[in-house]
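**Q** Below you'll find the structure I mean.
The values are calculated or read from the model by the stated rules, or taken from the named source; none is laboratory data. Owing to the predicted nature of the structure, the values given are computational and were not obtained by experimental measurement. For neighbour counting, all protein chains shown are included, and Cβ atoms are generated from backbone atoms with ideal geometry for every residue, glycine included.
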Amino acid sequence: MDITAAILDSWDRQCRIVNSVASQINETNANALPSEDGWPISRHLAHMHSTRKYFLGQFDQELANSLGNAFPNGWDDLVTDLDAIRAMLVESGAAVRTVVQKALDEGKEKVGFYDNAILYLQHMVWHEGWHVGLIFLALRLAGQEPTEEWEEEKVWGEWRTEVWEG
């Protein structure tokens, strides 16, 4: 596997993790908080999509503008339809992959805020990992943390190839 394919594969794995976590969110836990002053889980998911979309605009503003808006009338107006938020995450995940592949294929150096497309991708992975951690904390505090077996398959199993013996 060449380096570009490996980098894009890592993004695909990241998206599968985020989408798996999002699939665990429902009406009973969407408003769970990771701390007394934290955001509800649904806001974390919407924010991940919005962050992808915002920084994607550094590469392709037209594509970014075509993506759904998780905050249609400003930061205080969050889309509450969980299926819509999940669909936006799938859509923005694919869009990020598209712009990074295009930038790498074209050999673009600096793009907008980024010295290169790989740094954009790493920013997205780091950012989303941070939010997924807070989502897991909120689920734990709400008594709805996924099982170790689920987490191993849907999160850690995306990165490793060994078989986990819980």
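**Q** For segment 1-13, which positions are assigned to a helix (DSSP H, G or I), surrounded by fewer than 17 Cβ atoms within 10 Å (Cβ to Cβ) and not aliphatic (A, V, I, L, M)?
**A** Result: THR4, ASP9, SER10, ASP12, ARG13.
**Q** If you go through segment 47-66, how many residues are of a type outside the set (D, E, K, R), in contact (Cβ under 8 Å) with a residue 60 or more places away in the chain and assigned to a helix (DSSP H, G or I)? So that I can check it myself, show each step before the final result.
**A** Initially, segment 47-66 is screened for residues of a type outside the set (D, E, K, R), giving 47-51, 54-59, 61, 63-66.
When the remaining residues are screened for being in contact (Cβ under 8 Å) with a residue 60 or more places away in the chain, the result is 47-48, 51, 55, 58-59.
Now drop any that are not assigned to a helix (DSSP H, G or I), which leaves 47-48, 51, 55.
Of the residues in that region, 4 qualify.
**Q** Moving on to the next point. Kindly list the number of the only condition in (1) within 30 Å of ASP37 (Cβ to Cβ); (2) under 19 Å from the mean Cα position of the chain (by Cα) that fails for ALA142.
**A** (2)
**Q** Just wondering, is there one or more residues in segment 115-125 that are without any contact (Cβ under 8 Å) to a residue 12 or more places away in the chain, assigned to a helix (DSSP H, G or I), surrounded by fewer than 16 Cβ atoms within 10 Å (Cβ to Cβ) and within 13 Å of the chain's Cα centre (by Cα)?
**A** The first filter runs over segment 115-125 and keeps only residues without any contact (Cβ under 8 Å) to a residue 12 or more places away in the chain, leaving 115, 119, 122.
Narrowing the set further to residues that are assigned to a helix (DSSP H, G or I) leaves 119, 122.
Now drop any that are not surrounded by fewer than 16 Cβ atoms within 10 Å (Cβ to Cβ), which leaves 119, 122.
From what's left, within 13 Å of the chain's Cα centre (by Cα): 122.
Within segment 115-125 (the criterion being without any contact (Cβ under 8 Å) to a residue 12 or more places away in the chain, assigned to a helix (DSSP H, G or I), surrounded by fewer than 16 Cβ atoms within 10 Å (Cβ to Cβ) and within 13 Å of the chain's Cα centre (by Cα)), the answer is yes, since at least one residue qualifies.
**Q** Considering each residue of segment 14-28, count those that are surrounded by fewer than 20 Cβ atoms within 10 Å (Cβ to Cβ) and over 12 Å from the mean Cα position of the chain (by Cα), and give that number.
**A** Selection size over segment 14-28: 5.
**Q** Looking at SER66, SER92 in this structure, which one is in contact with a His (Cβ under 7 Å, 6 or more places away or on another chain) and either hydroxyl-bearing (Ser, Thr, Tyr) or modelled with pLDDT under 95 (or both)? Spell out the reasoning first.
**A** Details: SER66 fails: in contact with a His (Cβ under 7 Å, 6 or more places away or on another chain).
So the residue among SER66, SER92 that is in contact with a His (Cβ under 7 Å, 6 or more places away or on another chain) and either hydroxyl-bearing (Ser, Thr, Tyr) or modelled with pLDDT under 95 (or both) is SER92.
**Q** For segment 51-77, give me each residue that is within 17 Å of the chain's Cα centre (by Cα) and not aromatic (Phe, Trp, Tyr). It would help to see each step written out before you state the result.
**A** Of the residues in segment 51-77, the ones within 17 Å of the chain's Cα centre (by Cα) are 51-57, 64, 67-71.
Answer for segment 51-77, where residues must be within 17 Å of the chain's Cα centre (by Cα) and not aromatic (Phe, Trp, Tyr): THR51, ARG52, LYS53, LEU56, GLY57, ALA64, LEU67, GLY68, ASN69, ALA70.
**Q** Let me ask something additional. Under 9 Å by Cβ, and 6 or more places apart or on different chains, what pairs join a residue from segment 133-148 that is part of a helix (DSSP H, G or I) with one that is among the basic types (Lys, Arg) and surrounded by fewer than 17 Cβ atoms within 10 Å (Cβ to Cβ)?
**A** Matching pairs, first to second residue: none at all.
**Q** Moving on. Take GLY143 and decide whether it is over 24 Å from ALA6 (Cβ atoms) and either touching a His at 6+ places or on another chain (Cβ under 7 Å) or surrounded by fewer than 18 Cβ atoms within 10 Å (Cβ to Cβ) (or both). Step through it out loud before you land on a result.
**A** On the way: over 24 Å from ALA6 (Cβ atoms): yes; either touching a His at 6+ places or on another chain (Cβ under 7 Å) or surrounded by fewer than 18 Cβ atoms within 10 Å (Cβ to Cβ) (or both): yes.
When the stated conditions are applied, GLY143 passes them.
**Q** Continuing with the same structure: Take the conditions assigned to a helix (DSSP H, G or I) and either closer than 13 Å to TRP11 by Cβ or among the aliphatic types (A, V, I, L, M) (or both) and apply them to HIS44. Does it pass?
**A** For HIS44, the condition - assigned to a helix (DSSP H, G or I) and either closer than 13 Å to TRP11 by Cβ or among the aliphatic types (A, V, I, L, M) (or both) - is not met.
**Q** With respect to TRP75, determine if the residue is surrounded by fewer than 12 Cβ atoms within 10 Å (Cβ to Cβ) and under 23 Å from GLU36 (Cα atoms).
**A** Numbers: surrounded by fewer than 12 Cβ atoms within 10 Å (Cβ to Cβ): yes; under 23 Å from GLU36 (Cα atoms): yes.
For TRP75, the condition - surrounded by fewer than 12 Cβ atoms within 10 Å (Cβ to Cβ) and under 23 Å from GLU36 (Cα atoms) - is met.
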